[in-house]
Amino acid sequence: MTRKGKLLLEAYGISKSFGRVRALDSVDFTVGYSEVVGLVGDNGAGKSTLIKILAGVIKPDKGELYIKGQKVDLLNNYSVQHARKLGIEVVFQERALAEQHTFWRNLFMGRELTGKFGFLKISKMKEISEKVKGEIGFMSPGVNADSVVKRLSGGEKQGVAIGRALYFHADLVLMDEPFTGLSVLESKKVQGFIKELKERGKSCVIVSHNPLQVYEVAERFVFLNRGRKIGELTKSDIPTVDDLENIMIHVVKTDSLPLIKR
């Protein structure tokens, strides 16, 4: 079954319960081509659960998913590996990296380049890592393919994960709380990485409960609360980051969007 394919991703009626807890309740969510979407809400809103379902990490109880207009068997035959083949990569918080290993090992972890007899093509992977490092805007001269990840800053660690998504030709990068634990300067660095993805024609979904960081880069905001989609607004509807914060507070208090004067 196919749709017109005008959107990169379409998810409809996504529901998920963990025991008696209803994490998601019939959520509809879409992402356009070359679009940055902020998925916002308070803690426990269901944001991370939705991202994990879209990335193939967990299976929903109900729902439909279309990628580039093609229906995916979300309930029976969808996994992280399947999502990757369809151009979806997920960037979790920095703990998803193997911090004892180098930049190049993290970039290719689980998808190493090998030769005819199965030997690792280490020189090639290091060469590609240096190229990716430049493409995503690593400015520090001290960072190279052999840099051990644990010695990198928080923003640079996120850059490694984003670089991995970029190299493996992700059309959509899902980012789960990418600014957690970062300083203002490090958050700016991650925002720069996200803008680079956008300039390369990629789409990005940013999960965040912090309006300050996500407001800078998102073009559209989808509001979740207690497992339900409350609504969505474009950036033109939200003049300032303070307005976004006030809307988020209103959503939590009233379970609805405020009336927006257009």
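Can you pull out the residues in the range 243-261 that are of a type in the set (A, V, I, L, M) and open to solvent by less than 60 Å² (accessible area, probe 1.4 Å)?
Across the range 243-261, the qualifying residues are Leu244, Ile247, Met248, Val251, Val252, Leu257, Ile260.
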Query raised in the report: So which residues in the range 25-56 are more than 24 Å from Asn246 (Cβ to Cβ) and either over 18 Å from the mean Cα position of the chain (by Cα) or β-branched (Val, Ile, Thr) (or both), if there are any at all?
Result: Asp25, Ser26, Thr30, Val31, Thr49, Ile51, Ile53
Query raised in the report: modelled with pLDDT of 90 or more and either in contact with a strand residue (DSSP E or B) (Cβ under 6 Å, 6 or more places away or on another chain) or β-branched (Val, Ile, Thr) (or both): does that describe Ile194?
Result: no
Query - Lys16 being basic (Lys, Arg) and surrounded by 15 or more Cβ atoms within 10 Å (Cβ to Cβ) - result: yes
Report task. Can you run down the residue pairs with Cβ atoms below 7 Å, 6 or more apart or on separate chains, where the first is in the range 163-191 and within 21 Å of Gly201 (Cβ to Cβ) and the partner is of a type in the set (Phe, Trp, Tyr) and at pLDDT 80 or above? Result -> Val190/Phe179
Report task. Would you check if Asn77 is touching a residue at least 12 places away in the same chain (Cβ under 8 Å), outside any helix (DSSP H, G or I) and open to solvent by 10 Å² or more (accessible area, probe 1.4 Å)? Result -> no
Requested in this report: Would you please name the residue that is farthest from Val91 (Cα to Cα), looking only at residues in the range 137-155 that are modelled with pLDDT under 80 and surrounded by 19 or more Cβ atoms within 10 Å (Cβ to Cβ)?
Outcome: Phe138
Requested in this report: Out of Val190, Val222, Val214, Val205, report the one residue that is within 23 Å of Asp28 (Cα to Cα) and assigned to a helix (DSSP H, G or I).
Outcome: Val214
Query raised in the report: Among the residues of the range 56-65, is any outside any loop (DSSP other than H, G, I, E, B), farther than 26 Å from Lys235 by Cβ and modelled with pLDDT under 95?
Result: no
Query raised in the report: Of all the residues that make up the range 177-191, how many are open to solvent by 10 Å² or more (accessible area, probe 1.4 Å) and either of a type in the set (Val, Ile, Thr) or farther than 10 Å from Gly155 by Cα (or both)?
Result: 3
Query raised in the report: When you look at Lys131, is it under 26 Å from Thr234 (Cα atoms) and outside any loop (DSSP other than H, G, I, E, B), yes or no?
Result: no
Report summary line: Selection over the range 48-59 where residues are open to solvent by 10 Å² or more (accessible area, probe 1.4 Å) and farther than 13 Å from Val72 by Cα yields a count of 5
Query - The lone exception for Val214 - which of (1) within 28 Å of Val160 (Cα to Cα); (2) over 14 Å from the mean Cα position of the chain (by Cα); (3) among the β-branched types (Val, Ile, Thr); (4) modelled with pLDDT of 90 or more it fails - result: (2)
Query raised in the report: What residue, of Thr234, Thr240, is under 21 Å from Ala11 (Cα atoms) and loosely packed, with under 14 Cβ neighbours inside 10 Å?
Result: Thr234
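The values are calculated or read from the model by the stated rules, or taken from the named source; none is laboratory data. Note that the structure is a prediction, hence the values are computed from the model and not measured. Backbone-built Cβ (ideal geometry, glycine too); neighbour counts: all protein chains shown. We work out accessible area using only protein heavy atoms, side chains counted, and drop any ligands, DNA or RNA first. Shrake-Rupley method; radii C 1.70, N 1.55, O 1.52, S 1.80 Å.
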